[in-house]
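Working notes for the structure below.
None of the figures in this text is laboratory data; all of them are computed from the coordinates on show. These figures come from a predicted structure and were not determined experimentally. For neighbour counting, all protein chains shown are included, and Cβ atoms are generated from backbone atoms with ideal geometry for every residue, glycine included.
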Amino acid sequence: MMTIRRKLSSQDVDALPLWHYAGKIILIRDAGEAKLAVQNLLKQDYLGFDTETRPTFRRGQRYDPSLVQVAEEDVVHLFQLAACGGLRPLLPLFMAAKPVKICLGIGEDLRRLQIMEKFPANGFVELLDSVRPLGIVDGGLRKLCANLLGLRISKKEQTSNWARPDLTERQLRYAATDAWVSRKIFLAARELLLRGVVAVD
């Protein structure tokens with residue numbers, strides 16, 4: 001039976017193999033393509049979800065989210081919002097009760113998206129709410145991934161410029177990884193709860 005820990009140290013995480021999502025990524029830069037992708041995503045059961053926003057380095061400066069990541073089991077869709085004409089093509093997914101959309105820190109992501117365009121959000125699940133019943137205290141995605149999946153992910157690209165139209169390969173892999181592991185962690189936590197597993201010190 002798998003052993004999970006209430007807390008992990010940074011040394012525990014650093015000892016694990018570095019990993020990133022290496023599967024299929026679909027970069028979407030057109031409103032029509034976005035609508036077609038959403039039609040397919042609405043047929044799924046569980047989706048990993050995340051957003052990326054250009055970082056701010058001055059007080060009072062603010063940017064809207066530039067990228068929305070939605071992960072299925074074997075493919076991650078990356079929506080470049082500026083090229084897609086904004087959020088409008090994605091709203092049917094955001095407003096649907098199903099599929100379940102799993103994200104760490106979903107409250108902040110939704111707040112930023114709803115500044116761009118008002119919409120009733122449905123079907124979103126906070127990842128922390130899924131792991132807390134296991135007794136896990138650490139809440140960062142890096143430590144959750146290490147604890148539940150046994151993998152170390154990098155956060156080096158977090159403060160890169162997500163508004164650039166030509167995202168680098170590293171940015172694409174980073175963005176896809178965050179969304180994909182959110183879904184994977186949610187499903188792993190659900191399975192562990194069904195098996196009666198709890199975290200140990």
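Note down the net charge around Asp201, summing +1 for each Lys or Arg and -1 for each Asp or Glu among other residues with Cβ under 11 Å from its Cβ. My count for the surroundings of Asp201 gives +3.
Kirkwood-type hydrodynamic radius, the stretch 49-201: 16.3 Å, calculated from all non-identical alpha-carbon pairs. Per-residue 3J(HN,Hα) values for the stretch 71-82, derived from phi via the Karplus relation 6.51 cos²θ - 1.76 cosθ + 1.60 with θ = phi - 60°, read 10, 8, 5, 10, 7, 10, 9, 10, 9, 7, 4, 4 Hz in sequence order (x marks Gly and Pro). For the chain, the longest principal axis of the alpha carbon atoms and the long axis of helix 31-41 meet at an angle near 30°.
Taking Cα atoms only, the orientation of helix 169-194 departs from the longest principal axis of the chain by about 50 degrees.
The string of couplings for the stretch 139-155 from the Karplus curve (6.51, -1.76, 1.60, θ = phi - 60°) is x, x, 4, 4, 6, 5, 5, 5, 5, 9, 10, x, 10, 10, 10, 8, 10 Hz, one whole number per residue in order, with x for Gly and Pro. For the chain, the residue among Ala71, Pro165, Ala37 whose Cα projects farthest onto the positive side of the dipole built from Cβ charges is Pro165.
Placing +1 at every Lys and Arg Cβ and -1 at every Asp and Glu Cβ, with all other atoms neutral, what dipole size does the stretch 48-115 have around its Cα centre, in debye to the nearest 20?
Working: 9 positive and 8 negative charges, 104 e Å.
Charge dipole, the stretch 48-115, about its Cα centre: 500 debye, nearest 20.
Skipping prolines and chain starts, which residues have an amide H placed within reach, meaning under 5 Å, of the one on Trp162, given they are 5 or more residues away or on another chain? Close amide H contacts, sequence-distant or interchain: Arg54. Taking the chain as a Gaussian network, where each spring joins two C-alpha atoms under 10 Å apart, which residue of Gly107, Gly123, Gly60 fluctuates the most? Maximum among the listed residues: Gly60. Placing +1 on the Cβ of every Lys and Arg and -1 on the Cβ of every Asp and Glu, with nothing else charged, gives the chain a dipole about its Cα centre of roughly 380 debye.
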